[in-house]
1. In the stretch 521-535, what residues are more than 18 Å from residue 562 (Cβ to Cβ) and either surrounded by 24 or more Cβ atoms within 10 Å (Cβ to Cβ) or in contact with a helix residue (DSSP H, G or I) (Cβ under 9 Å, 6 or more places away or on another chain) (or both)?
2. For the stretch 63-80, enumerate the residues that are out of contact with any helix residue (DSSP H, G or I) (no Cβ under 7 Å at 6 or more places or on another chain) and either on the phi > 0 side of the Ramachandran plot or surrounded by fewer than 23 Cβ atoms within 10 Å (Cβ to Cβ) (or both).
3. Specify the residue that is surrounded by the fewest Cβ atoms within 10 Å (Cβ to Cβ); the eligible residues are those in the stretch 115-135 that are touching a helix residue (DSSP H, G or I) at 6+ places or on another chain (Cβ under 7 Å) and more than 18 Å from residue 150 (Cβ to Cβ).
4. Would you point out which residue out of 505, 511 is modelled with pLDDT of 95 or more, surrounded by 22 or more Cβ atoms within 10 Å (Cβ to Cβ) and either more than 15 Å from the chain's Cα centre (by Cα) or outside any loop (DSSP other than H, G, I, E, B) (or both)?
5. Quick one: which residue in 31, 51, 36 is closer than 24 Å to residue 336 by Cα and out of contact with any strand residue (DSSP E or B) (no Cβ under 9 Å at 6 or more places or on another chain)?
6. Identify, by number, the condition in (1) without any contact (Cβ under 8 Å) to a residue 60 or more places away in the chain; (2) touching a helix residue (DSSP H, G or I) at 6+ places or on another chain (Cβ under 7 Å); (3) under 24 Å from residue 264 (Cα atoms); (4) in a loop (DSSP other than H, G, I, E, B) that residue 358 doesn't meet.
7. Given the options 537, 518, name the one that is assigned to a helix (DSSP H, G or I) and under 17 Å from residue 441 (Cβ atoms).
């Protein structure tokens, strides 16, 4: 449920979306982000370019496209969250447009003493998001409603996140650590951080994790908790290897920083000058892209991962990155909104390698450049891209929930889809361990200096990667493969990583001179990342204890959502629906699906992996087949036809792909 495919597919976690979402009435379009207040004094930030409209008991903001709105509704007293939600819909739009699918808890925060989120029943063909949050302070409830087109929510996600994260009771003052002196990370405080992880892992069912802490002088701690594989006894330690996924991006931009130092490129140089073969779907956007924009998530290119996830094989060349980019159209203006794009980050790394070794194949050139310019100088001798070598040693197997919500080790199919990142590895393909990654974090803390005090990357070019290029939410900014979070009054530089069964984060708190790494071997490890950051800050600055409640609430939410999802699935798949499937389907971009009906459940064979399929009857009467392989669980393919020809439809946030029946 919480995995790579669902992130790409914009699944039902928030509700699915609609091309028929109602266009909101006109409001006042905002020239800048603006503080807004509801009639009863609840405050939030209304995003730039969104239209603001005030009602008698609510304030609404609507995206520029007119088909996605978020309303903050003053409900007042109510007996519970469910009653508050019902009242909130009546005050805003008469009634909820669909039944509640699941109502789940969130941890108290930002002045709210209780929070619950309702997701509503939709069908994949709706392409509609409907979600509502009920938040209580004292006896008064506030309800926040989001309703509209999935494509717009995906494109405007950072602005929506700005609204969601900024809603607070009137008069509440945010906790701030600004100006405080950080506590030293003593053995007792490190033990407290470890105990927090141990408890959280038990609640979530995470088999293993490795974490490390450093100051500017040395590694303070590096060790493991739990096991490499559930059902076995081999422990995780500081040398256990994990896929660090998108934490590869910061390492790739570190290579670019070194090349700027060497005079081989400039941050403000057009990419086509250093790599003439670089093209995007829009010639206008291509011309605007400078080197600094390759990993800024600010060019207007949407996330486009389905070809990588479904149609990548061991023979896919590194040059496929550039072929896919040439066919990718921007969906927003340059510099307008945050849109994460893995292909652009992949291109950044390959261009860096090519500048150093122009006669080599792109992948080999990148691997050599990273080893010689980054991994070896930083002492990251266990870090690299050779999966086969890693799997002969001390490595953590990936895990996820199975169809019935039990933590299981991923099969070889789960690893196949993880390995499909290798043709795009500058964006997320590195293997590493806590000991190596904490050396990288210390290098960042020391602003480009190695442990022997040599300046390996200039301070200016190292820090250039952290400069905010685009807003990603309230007090959150994306740079070049690194993010800044300023929510608590101190800057945390960090980046997460997510592949099937591997979730990680690296973080540094420059004001405190402390950095940390967390690597986990489960999809449910995602729920530890933000709380780990919060708990580290609580320990450093004597913050209010919130992190543990974050994990507890998310564990309960996962169980409830997973159980509800299971109720909707038939496994083995419905016999009549299975019988109606064509033997095979093909899509020009996503390749071939072969349907194997020889066993008790149909198996869909994609280029990148195979999965048994469950079936689901959707709200609109259509049928979806859903992948159930752990770590690739949850991708829906909707049964359709066109002119009597059988089809399967798969979607991500902003794209739709139709597979046509074939032989």
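The values are calculated or read from the model by the stated rules, or taken from the named source; none is laboratory data. Keep in mind it's a predicted model, so treat the numbers as computed, not measured. Note: ideal-geometry Cβ built from the backbone for every residue, glycine included; neighbour counts use all protein chains shown.
1. 521, 530, 531, 532, 533, 534, 535
2. Pass one, the stretch 63-80, residues out of contact with any helix residue (DSSP H, G or I) (no Cβ under 7 Å at 6 or more places or on another chain): 64, 66, 69, 72, 74, 76-77, 79-80.
Within the stretch 63-80, 64, 66, 74, 76, 77, 79, 80 meet the criteria.
3. 116
4. Working: 511 fails: surrounded by 22 or more Cβ atoms within 10 Å (Cβ to Cβ).
Exactly one residue qualifies, and that residue is 505.
5. Working: 51 fails: out of contact with any strand residue (DSSP E or B) (no Cβ under 9 Å at 6 or more places or on another chain); 36 fails: out of contact with any strand residue (DSSP E or B) (no Cβ under 9 Å at 6 or more places or on another chain).
Criteria check complete, one pass: 31.
6. The one condition residue 358 does not meet is (2).
7. Values: 518 fails: assigned to a helix (DSSP H, G or I).
Answer to the selection: 537.
This table checks each residue for (1) within 30 Å of residue 622 (Cα to Cα); (2) over 23 Å from the mean Cα position of the chain (by Cα); (3) modelled with pLDDT of 95 or more.
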site: 125; (1), (2), (3): yes, yes, yes
site: 146; (1), (2), (3): yes, no, yes
site: 156; (1), (2), (3): yes, no, yes
site: 169; (1), (2), (3): no, yes, yes
site: 178; (1), (2), (3): no, yes, yes
site: 182; (1), (2), (3): no, yes, yes
site: 190; (1), (2), (3): no, yes, yes
site: 194; (1), (2), (3): no, yes, yes
